[in-house]
1. I'd like to compare 105-114, 206-215: which one has the highest average count of other Cβ atoms within 10 Å, and what's the full order after that?
2. What number, in percent, do you get for the relative contact order of the stretch 3-145 if the mean sequence gap of Cα pairs under 8 Å and at least 6 apart is divided by its residue count?
3. Would you mind checking which residues have amide H under 5 Å from residue 219's amide H? H placed 1.01 Å from N; only 5 or more apart, or other chain.
4. Rounded to two decimals, what is the ratio between the C-alpha radius of gyration of the chain and 2.2 N^0.38 Å?
5. Packing-wise, with mean Cβ within 10 Å as the measure, how do 117-128, 160-171, 27-38 rank, highest first?
6. Determine the shape class of the stretch 89-232: with a ≥ b ≥ c the square roots of the Cα gyration tensor eigenvalues, call it rounded for a/c under 1.5, and otherwise prolate if a/b is greater than b/c, oblate otherwise.
7. Helix-derived [θ] at 222 nm for the chain: sum -39500 (n - 2.57) over DSSP H runs of at least 4, divide by residue count, nearest 500?
8. Less than 15 Å Cβ to Cβ from residue 54, Lys/Arg counted +1 and Asp/Glu -1: what total charge do the surrounding residues give?
Amino acid sequence: MISRNKIKLIHSLEQKKYRKKEGLFVAEGPKIINELLQSMKCTWLIHVPEYTLPQQTAFPIDEVETCSKDELHKVSFLSTPQEVIATFKIPEFSYQKEWISNELCLGLDGIQDPGNLGTIIRIADWFGINHIFCSMQTADAFSPKTIQATMGAISRVKVHYTDLIELINGLPQDTPVYGTLLDGNSIYEQELKNQGLLIMGNEGNGLTPEIREKVKARLYIPSYPKDSETSESLNVGVATAILCAEFRRRMN
């Protein structure tokens, strides 16, 4: 049986202040948890009998319990719980600015929706982008909704929170800084390099004025056919996928 203290702890981790206080986040479902177990420290795992725990994990699991489906439902953030729930230590990453000079990294300027953030982390994983640099106004990568949307990609992509202006100011002058803007050049015509910082803006407002001033290469995803009536904008996750695909296509 899940103790009241455990239930209270899990529910509290829905809020960022308690995730920060405890240094923990929640993950749900066999696919996500099995991937996280290969790279992150699990402090508590509870599962129904049908779930099979991986034989090998990166670190020993502090505590493992078996429960009924009804008990699992009491701690789950999902309408339909998925066999297993676990808490993991929030990883602490240090970073080197030189990485941005040597490989393509993402910058997120105020992304608010947890689902969008999780999708972008998953996209980064698909296209081999190892580091995402988020402004302090960006949603928390370790919220339950974001973790769920990453589908395990958070186990491989390192997410850093920092002052983007200070980060950019500290880069070598020749480091490419890309940004998506309505007055930008078509991504299919603009020179693209496979290193530098590709910055995606807020869902409603785009890049902040301060970040716009730092962008060295303004990018735009054109609609087709040209000048035809179309949607006002693209979802930021969709836009990120299109841009990352074009950057990687240029590698061939």
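The values are calculated or read from the model by the stated rules, or taken from the named source; none is laboratory data. Note that the coordinates shown come from a computational prediction; the quantities given were computed from them, not determined experimentally. Positions of Cβ are backbone-derived with ideal geometry, glycine not excepted, and every protein chain shown enters the neighbour counts. Keep in mind that these areas ignore ligands, DNA and RNA; they rest on the heavy atoms of the full protein, side chains included. Shrake-Rupley method; radii C 1.70, N 1.55, O 1.52, S 1.80 Å.
1. With the highest mean Cβ count within 10 Å placed first, the list reads 105-114, 206-215.
2. 26
3. 179, 180, 181, 185
4. Normalised Cα radius of gyration, the chain: 1.11.
5. 117-128, 27-38, 160-171
6. Cα axes put the stretch 89-232 in the oblate bin.
7. -8500 deg cm²/dmol
8. -1
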